[in-house]
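Following: one structure in structure tokens, then a few remarks.
The values are calculated or read from the model by the stated rules, or taken from the named source; none is laboratory data. Not measured: the values here are computed from a predicted model. Reconstructed Cβ throughout: ideal geometry from the backbone, glycine too, with neighbour counts over all protein chains shown. The area values use the complete protein model at the heavy-atom level, side chains included, leaving out ligands, DNA and RNA. Shrake-Rupley method; radii C 1.70, N 1.55, O 1.52, S 1.80 Å.
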Amino acid sequence: MLIVEDFDSLLFSIAKACTSPFAVFIQIQGCFICLFLALGWALASYVRNREVRRLKDNMKAGNFFGFLCQDISELEHSMQIKLPRVSVVMPLKGFGEHNLQNWRSQITSLYGGPLEFLFVVESTEDPAYRAVSRLISEFKDNVDAKIIVAGLSTTCSQKIHNQLAGVEKMHRDSKYVLFLDDDVRLHPGTVGALTAEMIKTPEIFIQTGYPLDLPSGSLGSYCIYEYHMPCSMGFATGGRTFFLWGGCMMMHADDFRNDLYGVVSGLRDGGYSDDMTLAAIAGANKRLITSPPVAVFPHPLASDLTFSRYWNYLRKQTFVLESYMTRVNWFMNRALFTVHCYLSWGFVAPFFMATVHIAAALRSSAYPYEETVSSTGLKLVGCLAVSVLIELLSMWNLTKVELQLCNMLSPEEPPVSLDSYNWILIFIALLVDNFLYPLSAFKSHFSQCINWSGVRYYLKDGKIDKIERSNQSGPLATKTYSDLGGKHLFGKKGVPPKLSFLSSLARNIAQWHQPKKFDS
């Protein structure tokens with residue numbers, strides 16, 4: 001009994017400390033962080049919803065191909081033959097459960113201009129090589145696609161090495177190059193929409209987009225969904241943005257041919273993160289980065305995405321802040337590091353205090369003749385509960401709008417529903433991810449090394465200084481996974497599914513646009 005009384009005395013003392021001016025400030029600040037996120041998601045949903053209304057208006061006006069282009073006259077042959085050539089470069093590593101569907105969505109694009117697809121792997125032993133070979137053989141001469149073996153990187157990350165190898169092999173007449181990750185599921189009109197924006201606004205340096213995570217049900221997958229949602233605000237501008245996602249980047253091909261602003265040398269000579277490096281170059285040279293409202297992509301997460309793989313993914317995300325090109329870039333990364341860590345724990349701390357207030361209120365019933373709980377604490381709990389509810393409603397609304405937009409942009413695909421989202425797990429993920437982010441960031445800062453898909457990279461002065469690879473290969477390395485796709489980096493897996501309607505339509509467009517190739 002004495003132990004219980006001592007515990008209650010300690011609990012009431014902590015609850016009283018949580019009503020001090022500084023503690024009250026922390027709790028009110030937490031409410032404002034929730035409301036700020038809610039406001040950001042509300043603005044983002046407005047931009048995305050405006051695109052949904054445009055698509056609906058097109059359908060009412062009789063343009064049922066609005067998911068391809070705003071003006072149906074743009075589908076006429078006289079317009080299509082004027083479209084510039086685009087090279088799509090896809091750096092690959094490993095093979096997972098969603099890769100074939102993602103690759104198929106990429107090569108069956110309904111872009112009417114000349115289009116080539118360059119799948120880049122580090123070696124023929126990578127299981128992605130076998131899977132892509134089967135996919136390409138299925139399409140045979142109907143799609144201009146090939147595999148490039150890049151070899152192992154020595155001065156930069158393997159992804160960047162693969163990207164640059166693809167750029168070297170792209171068609172000499174290509175006007176634009178589109179970099180895609182293997183976990184991007186494109187819409188049929190994505191390439192056309194990105195190209196149209198590049199033609200409309202030639203001063204665009206990079207166009208980008210952002211994924212909408214489809215959690216698989218595990219806590220790790222919901223933590224990744226929660227991590228991406230605040231970042232999605234910066235991509236839902238409908239135009240200019242300062243953010244860049246390496247999973248989808250369209251650029252001028254000549255910028256790489258001419259090494260404009262050092263885009264090639266900056267990536268090749270010690271580059272770890274493609275998007276952070278290119279964003280730094282764009283910022284240093286005051287070049288335009290845009291994200292069109294249709295550039296949001298369904299991103300299914302692996303069904304067996306464990307918490308440890310989420311942690312490794314978070315480590316990769318925080319590690320990019322340790323890479324930089326210039327002193328200004330270093331300063332901006334440090335500022336982002338500090339602000340993100342402060343806001344993350346500033347978000348979590350009020351929930352700890354709220355738990356103390358609630359526990360103290362429940363235990364106070366055992367002491368009816370003593371004033372053990374301050375009403376201020378319970379009022380703060382109420383404010384936090386309302387703020388979190390508003391935040392979750394805003395997150396729910398943005399997710400609903402983006403799902404609706406994705407369904408409209410990919411009318412052939414089975415519609416994705418909001419019903420699959422578990423909002424209790426999302427709330428838990430909010431706390432877990434924001435608690436772990438500063439821990440991951442500090443670990444990345446003091447270690448200066450990261451294990452990325454079986455390769456360990458070491459940084460020095462913001463650039464890759466050393467690369468270590470495991471000697472394991474083939475079946476011996478089947479325990480090594482990439483982060484989000486649950487991909488085996490070595491092994492055998494995957495047979496391409498049957499051809500869909502849009503796949504057949506893509507073939508017909510390719511045959512129509514390149515008659516010489518098919519006549520031969």
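Are any of the residues in segment 61-80 within 30 Å of M353 (Cβ to Cβ) and either in contact with a strand residue (DSSP E or B) (Cβ under 8 Å, 6 or more places away or on another chain) or not assigned by the TED database to the domain that holds W452 (or both)? No, there is no match, as no residue in segment 61-80 is within 30 Å of M353 (Cβ to Cβ) and either in contact with a strand residue (DSSP E or B) (Cβ under 8 Å, 6 or more places away or on another chain) or not assigned by the TED database to the domain that holds W452 (or both). Against the conditions (1) among the charged types (D, E, K, R); (2) over 21 Å from A280 (Cβ atoms); (3) surrounded by fewer than 20 Cβ atoms within 10 Å (Cβ to Cβ), D254 satisfies every one except (2).
Which ones in segment 32-90 are among the basic types (K, R) and closer than 27 Å to W103 by Cβ? Scanning segment 32-90 gives R48, R85. Of all residues in segment 14-68, none satisfies the criterion of being among the β-branched types (V, I, T), surrounded by 18 or more Cβ atoms within 10 Å (Cβ to Cβ) and touching a Cys at 6+ places or on another chain (Cβ under 8 Å).
For E391, the criteria (1) open to solvent by less than 60 Å² (accessible area, probe 1.4 Å); (2) under 20 Å from the mean Cα position of the chain (by Cα) hold in every case but one, which is (2). With respect to I204, is the statement that it is open to solvent by 10 Å² or more (accessible area, probe 1.4 Å), of a type in the set (V, I, T) and not assigned by the TED database to the domain that holds T399 true? So I204 does not fit the description; no. Of the strands (runs of 3 or more DSSP E) lying entirely inside segment 402-475, those carrying at least 3 residues that are more than 20 Å from S308 (Cα to Cα) are 455-460, 463-469.
Being of a type in the set (A, V, I, L, M, F, W, C), under 24 Å from G217 (Cβ atoms) and open to solvent by less than 50 Å² (accessible area, probe 1.4 Å) is the requirement here; does A335 meet it? So that I can check it myself, show each step before the final result.
Working: of a type in the set (A, V, I, L, M, F, W, C): yes; under 24 Å from G217 (Cβ atoms): no; open to solvent by less than 50 Å² (accessible area, probe 1.4 Å): yes.
When the stated conditions are applied, A335 does not pass them.
Applying the criterion of being of a type outside the set (A, V, I, L, M) and either modelled with pLDDT of 90 or more or in contact with a Cys (Cβ under 7 Å, 6 or more places away or on another chain) (or both) to the residues of segment 353-375, the residue that is least open to solvent (accessible area, probe 1.4 Å) is H357. Just one of (1) basic (K, R); (2) assigned by the TED database to the domain that holds I390; (3) in contact with a Leu (Cβ under 8 Å, 6 or more places away or on another chain) fails for R85. It is (2). Is it fair to say A131 is part of a helix (DSSP H, G or I), touching a strand residue (DSSP E or B) at 6+ places or on another chain (Cβ under 8 Å), in contact (Cβ under 8 Å) with a residue 40 or more places away in the chain and more than 27 Å from I281 (Cα to Cα)? Against the criterion (part of a helix (DSSP H, G or I), touching a strand residue (DSSP E or B) at 6+ places or on another chain (Cβ under 8 Å), in contact (Cβ under 8 Å) with a residue 40 or more places away in the chain and more than 27 Å from I281 (Cα to Cα)), A131 qualifies.
Can you tell me which of G238, G209, G234, G192 is of a type outside the set (F, W, Y), touching a Pro at 6+ places or on another chain (Cβ under 9 Å) and on the phi < 0 side of the Ramachandran plot?
On the way: G238 fails: on the phi < 0 side of the Ramachandran plot; G234 fails: touching a Pro at 6+ places or on another chain (Cβ under 9 Å); G192 fails: touching a Pro at 6+ places or on another chain (Cβ under 9 Å).
After ruling out the rest, the residue left standing is G209.
Name the residue that is nearest to the chain's Cα centre (by Cα), counting only residues in segment 14-47 that are small (G, A, S) and farther than 12 Å from M353 by Cα.
Going through segment 14-47, the residues small (G, A, S) turn out to be 15, 17, 20, 23, 30, 38, 40, 42, 44-45.
Filter again for farther than 12 Å from M353 by Cα, leaving 38, 40, 42, 44-45.
Numbers: A38: 20, G40: 17, A42: 19, A44: 16, S45: 17 Å.
So the residue we want is A44.
Of the residues in segment 121-135, how many are surrounded by 20 or more Cβ atoms within 10 Å (Cβ to Cβ) and not acidic (D, E)? Looking only at that region, the number is 6. Condition check: assigned to a loop (DSSP other than H, G, I, E, B), outside the structural domain of N397 (by the TED database) and either within 19 Å of the chain's Cα centre (by Cα) or over 23 Å from P127 (Cα atoms) (or both). Does L178 satisfy that? No: the conditions fail for L178.
Among the residues of segment 394-437, write down those that are within 19 Å of the chain's Cα centre (by Cα) and charged (D, E, K, R). Passing the criteria: K400, E402, D433.
Here V88 qualifies as open to solvent by less than 70 Å² (accessible area, probe 1.4 Å) and closer than 24 Å to C406 by Cα. The residue that is surrounded by the most Cβ atoms within 10 Å (Cβ to Cβ), counting only those in segment 212-231 that are closer than 17 Å to L43 by Cα and touching a Pro at 6+ places or on another chain (Cβ under 9 Å), is L212. Number of residues in segment 230-251 that are more than 15 Å from the chain's Cα centre (by Cα) and assigned to a strand (DSSP E or B): the value is 3. Condition test on D465, is it free of Cβ contacts under 8 Å to residues at least 60 places away in the same chain and open to solvent by 60 Å² or more (accessible area, probe 1.4 Å)? No, not satisfied.
Listed here are the residues, each with its yes/no results for (1) over 16 Å from the mean Cα position of the chain (by Cα); (2) part of a strand (DSSP E or B); (3) hydrophobic (A, V, I, L, M, F, W, C).
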residue: I289; (1), (2), (3): yes, yes, yes
residue: P298; (1), (2), (3): no, yes, no
residue: W311; (1), (2), (3): no, no, yes
residue: R315; (1), (2), (3): no, no, no
residue: M325; (1), (2), (3): yes, no, yes
residue: M332; (1), (2), (3): yes, no, yes
residue: S344; (1), (2), (3): yes, no, no
residue: F352; (1), (2), (3): yes, no, yes
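Is segment 158-165 home to any residue that is within 21 Å of T277 (Cα to Cα), part of a helix (DSSP H, G or I), touching a Pro at 6+ places or on another chain (Cβ under 6 Å) and open to solvent by 20 Å² or more (accessible area, probe 1.4 Å)? Checking segment 158-165: at least one residue is within 21 Å of T277 (Cα to Cα), part of a helix (DSSP H, G or I), touching a Pro at 6+ places or on another chain (Cβ under 6 Å) and open to solvent by 20 Å² or more (accessible area, probe 1.4 Å).
Any residue in segment 111-123 that is among the aromatic types (F, W, Y), assigned to a strand (DSSP E or B) and over 17 Å from L178 (Cα atoms)?
Taking every residue of segment 111-123 in turn, none turns out to be among the aromatic types (F, W, Y), assigned to a strand (DSSP E or B) and over 17 Å from L178 (Cα atoms).
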